[in-house]
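Visitor: Sharing a structure below in structure tokens format, with a few things to ask.
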């Protein structure tokens, strides 16, 4: 089976940097995605790592290490609007579906 | 920017009734999905649809559920004889690579 574990909650202050980790147990997958979800809203695609290493998209970066079964999302220059839940997700091999992680609720304080 | 749309935004129904949730995927996408999210939990895959047929379904997607693409634009999820535990947010997604989610339908079964 597939499982992706994330810390349940992370807090930080405006302007800070925060890292949200995702550890997984899966037999194989195409890549690791990250989604942002505000309360009552839809998951919004943020970033995708097909290969090991760092992908940077503006204030957000994502990292994948398949050998360590680990990835993370790095958010820099935090803003109040970044307060949301963040989910990692994988697409297992030979399938179209996304398997989502347990989710991390990020709270940004002034 | 193209987006996935869903109607209604909120549906209240009585236990045992049938509901149809509607989605309009992004027009040039070929893969369509339904996911659900019980309040406070992670997003769970229900079903994927490609080339006018189900390509994969989860164990949640039992005989109570069905999907249809009745015309060139709409993609529907029907839930027959709803149960209390069907109360959740239902998200439609479409893909030509990464999956893009609609705003969701909040289903409340009373």
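The values are calculated or read from the model by the stated rules, or taken from the named source; none is laboratory data. These figures come from a predicted structure and were not determined experimentally. Here the Cβ positions follow ideal geometry from the backbone for every residue, glycine too, while neighbour counts run over all protein chains shown.
Visitor: Determine whether residue A:30 is within 14 Å of another protein chain (Cβ to nearest Cβ), surrounded by fewer than 19 Cβ atoms within 10 Å (Cβ to Cβ) and not in a loop (DSSP other than H, G, I, E, B).
Guide: Here the answer is yes, as residue A:30 does meet what is asked.
Visitor: Filter the stretch A:56-110 for residues that are within 14 Å of chain B (Cβ to nearest Cβ), touching a residue at least 60 places away in the same chain (Cβ under 8 Å) and assigned to a loop (DSSP other than H, G, I, E, B) and give the result.
Guide: A:93, A:98, A:101, A:102, A:103
Visitor: Go through the stretch B:95-110 and give me each residue that's more than 11 Å from chain A (Cβ to nearest Cβ) and not in a loop (DSSP other than H, G, I, E, B).
Guide: B:107, B:108, B:109
Visitor: Has the stretch B:10-23 got any residue that is farther than 26 Å from residue A:101 by Cβ, within 14 Å of chain A (Cβ to nearest Cβ), under 14 Å from the mean Cα position of the chain (by Cα) and at pLDDT 95 or above?
Guide: Yes, the stretch B:10-23 has at least one match.
Visitor: Do you know which of the residues in the stretch A:8-22 that are more than 11 Å from chain B (Cβ to nearest Cβ) and surrounded by fewer than 16 Cβ atoms within 10 Å (Cβ to Cβ) is nearest to residue B:105 (Cα to Cα)?
Guide: A:9
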